[in-house]
Amino acid sequence: MARVIADMTMSLDGFIPDPADGIGELFGWFGNGDVETTTHNEAITFRTTGASAAVLRDALENVGALVCGRRLYDLTHGWGGSHPTGAPIFVVTHEAPAEPFAPGATFVTDGVASAVAPAEEAAGDGVVSVASAAITQQCLVAGLLDEVSVPSVVAVGGVTVGPALRHARDGVPAAS
């Protein structure tokens, strides 16, 4: 049975992207070392420290499906057609794009639970990786997460996931 995990790097003060949707400060560790980690996407290779490479390889190998929001999908241009994990992509959105970036991405327009269910099936015994703050917030409120993994990085400023955690604790839906 698949495990649904929100696994996202964030700053120690709870921020993910900077106010302009930049992620350089948080994801700079993907390129700060001399150990190369290849991915299922030929255009994306990571160069990390040895310790980070071991963690990264484990994460890449265990993801059986990805659930993300339309905003992240658009910002990454659908990862050029293939997510680094090679896993199927389920995009939660209000409206599917006329021309998707990634062939085979599944666009789900009736809520996060309707994206997580087929992602769990696709992942089999693997991990359903939940990406983006908004989708993590929605999964928390809906009780869909089995685990939250938060590798932390020291950075200042950005868009926080904190209010959603408080809303989820109190059973109040967070704004998306």
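The values are calculated or read from the model by the stated rules, or taken from the named source; none is laboratory data. Source: prediction; values computed, not measured. Counting neighbours? That spans all protein chains shown, and the Cβs are built from the backbone with ideal geometry, glycine included.
Of the set (1) assigned to a loop (DSSP other than H, G, I, E, B); (2) at pLDDT 90 or above, all apply to Glu42 but (2).
Among Val130, Val116, which is modelled with pLDDT of 85 or more, surrounded by 16 or more Cβ atoms within 10 Å (Cβ to Cβ), closer than 25 Å to Met1 by Cβ and touching an Asp or Glu at 6+ places or on another chain (Cβ under 8 Å)? If you could, list the steps in order and put the result at the bottom.
Values: Val116 fails: touching an Asp or Glu at 6+ places or on another chain (Cβ under 8 Å).
Every option except Val130 fails the conditions.
Residues checked against (1) touching a residue at least 60 places away in the same chain (Cβ under 8 Å); (2) in contact with a Cys (Cβ under 8 Å, 6 or more places away or on another chain); (3) among the basic types (Lys, Arg); (4) crowded, with 16+ Cβ neighbours inside 10 Å:
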{"site": "Ala54", "(1), (2), (3), (4)": "no, no, no, no"}
{"site": "Leu66", "(1), (2), (3), (4)": "yes, no, no, yes"}
{"site": "Trp79", "(1), (2), (3), (4)": "no, no, no, yes"}
{"site": "Pro88", "(1), (2), (3), (4)": "no, no, no, yes"}
{"site": "Thr93", "(1), (2), (3), (4)": "no, no, no, yes"}
{"site": "Val108", "(1), (2), (3), (4)": "no, no, no, yes"}
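Mind counting the residues in the stretch 77-94 that are more than 21 Å from Val127 (Cα to Cα) and in contact with a Phe, Trp or Tyr (Cβ under 8 Å, 6 or more places away or on another chain)? Residues in the stretch 77-94 being more than 21 Å from Val127 (Cα to Cα) and in contact with a Phe, Trp or Tyr (Cβ under 8 Å, 6 or more places away or on another chain): 3 in total.
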